[in-house]
Amino acid sequence: MSKPKSPGKPPEQATDRLFATERRPDDFRFDASVARVFPDMIRRSVPGYTTIIPMIEVITEQYAQAGSNCYDLGCSLGASTLAMRHGISYPDCSLFGVDNSSAMIERCEHYIALDDNPMPVTLRCEDILHTELSNASVTTLNFTLQFIAPEERSALLTRIARATRPGGVLILSEKIQFESEREQNTQTRLHHDFKRANGYSDLEISQKRSAIERVLIPETLAAHKQRLLDAGFDDVMVWYQCFNFVSMLAIKNG
Ligand SMILES: C[S@@+](CC[C@H](N)C(=O)[O-])C[C@H]1O[C@@H](n2cnc3c(N)ncnc32)[C@H](O)[C@@H]1O
Ligand SMILES: O=C(O)C(=O)C[C@]1(C(=O)O)C=C[C@@H](O)C=C1
């Protein structure tokens with residue numbers, strides 16, 4: 001599933017109204033109905049998403065190395081993959097987008113084909129826990145690790161760190177948990193205010209909250225930093241935060 005045959009029509013995109021009417025309290029899944037509204041959903045739900053995506057291009061430009069592999073793990077529709085593609089200036093780099101949702105990968109192919117950058121992108125419909133990783137310079141987990149079972153996270157990050165070349169990086173964006181209950185309440189309220197300002201109703205906010213409760217498990221910044229260091233990265237820094245959403249840069253010494 002690498003290069004587009006023909007770009008075709010852009011996939012039809014819709015406004016996210018998935019939680020607008022009362023529904024059965026099922027766990028959130030990245031299925032076809034979510035894939036169809038995903039660009040609208042993530043932009044209106046994640047404070048800072050529209051800043052983080054272009055910065056992934058800037059960071060990739062700094063850290064991509066000649067002859068290396070770059071990975072976007074949990075690529076969804078390829079927003080972060082395309083940012084990486086635009087940041088890579090070496091024609092001998094290889095870029096991979098991996099996601100285990102076939103609905104996402106099918107649509108992602110179209111978005112990749114519509115983008116005019118010539119660098120080939122290989123899409124893999126696979127579990128990131130088992131996907132092959134090697135010779136990496138830039139790896140991105142943009143709001144993906146939070147959906148991996150907490151007990152699986154260390155092994156995945158260790159595999160990424162081992163696959164990363166000296167001087168390479170992992171860009172890790174996550175919804176986080178706070179140590180203090182007061183801060184947790186304040187940041188959560190501000191996040192919900194952000195969603196309300198983007199047109200989500202109280203019903204949408206509360207139904208989405210219940211749907212993601214058991215599948216999106218946030219952790220503290222301290223837990224993330226320590227685990228990245230234990231996994232084999234040498235330096236970890238937060239380069240972006242808006243309310244309870246952060247993006248970190250984990251660097252392997254050159
Ligand atoms: C919030 S979305 C990522 C957004 C995307 N990186 C972006 O910047 O637009 C999380 C994605 O991770 C994928 N995902 C979750 N668990 C996965 C796993 N074990 N293997 C592969 N993909 C996974 C989901 O299918 C979903 O598309
Ligand atoms: O935390 C929330 O309320 C969200 O909607 C966040 C979030 C995410 O961080 O990935 C959850 C699911 C969708 O992928 C879009 C946004």
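Evaluate 2.2 N^0.38 Å with N set to the residue count of the chain, then give the Cα radius of gyration divided by it.
It is 0.98.
Quick check: residue separation of T186 and A155 times 0.36 nm, minus the Cα distance between them. What number comes out in nm? Before the final figure, lay out the partial values.
Details: separation 31, 0.36 × 31 = 11.16 nm, distance 3.26 nm.
That works out to 7.9 nm of additional length.
Quick one: if the Förster radius is 41 Å, what FRET efficiency do N135 and D193 give, using the C-beta to C-beta distance and rounding to 0.05?
Numbers: r = 44 Å, r/R0 = 1.07.
So the FRET efficiency works out to roughly 0.40.
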Once the piece of chain linking S201 and F147 is laid out straight, how much longer is it, given 0.36 nm per residue of separation minus the C-alpha distance between them?
17.0 nm
Once you charge only the Cβ atoms, +1 for Lys and Arg and -1 for Asp and Glu, what is the size of the charge dipole of segment 16-164 about its Cα centre, to the nearest 20 debye?
260
Theoretical ellipticity at 222 nm over the chain - DSSP helices of four or more residues, -39500 (n - 2.57) apiece, nearest 500:
-13000 deg cm²/dmol
Where does the longest stretch of the chain lie that holds no GluC sites (Glu not before Pro) found in a DSSP loop with 14 or fewer other Cβ atoms within 10 Å?
23-131
Say each of T122 and Q62 gets a label point 7 Å from the Cα, pointing the same way as Cα to Cβ; how far apart are those two points in nm?
2.8
Two-site FRET efficiency, V238 against T21, from Cβ-Cβ distance with R₀ of 41 Å, rounded to 0.05
0.65
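Grab the other residues whose beta carbon is less than 11 angstrom from that of D235, score K and R as +1, D and E as -1, and report the net.
Details: positive: K225, K252; negative: D234.
After counting each charged neighbour, the total is +1.
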Potential lengthening between S102 and Q13 on full extension [0.36 nm per residue; Cα-Cα distance subtracted]
30.4 nm
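Only sites in a loop by DSSP and with at most 14 other Cβ atoms within 10 Å count here; which trypsin sites (Lys or Arg not before Pro) in segment 13-93 make the cut? Mind dumping the intermediate values first?
Details: sites: R17, R23, R29, R36, R43, R44, R85; in loops: R17, R23, R29.
Answer in residue order: R17, R23, R29.
No lab work stands behind these numbers, since they all come straight from the coordinates. All values reported here derive from a predicted model rather than from experimental measurement. Heads up, the Cβs are rebuilt from the backbone with ideal geometry, glycines too, and the neighbour counts pull from every protein chain shown.
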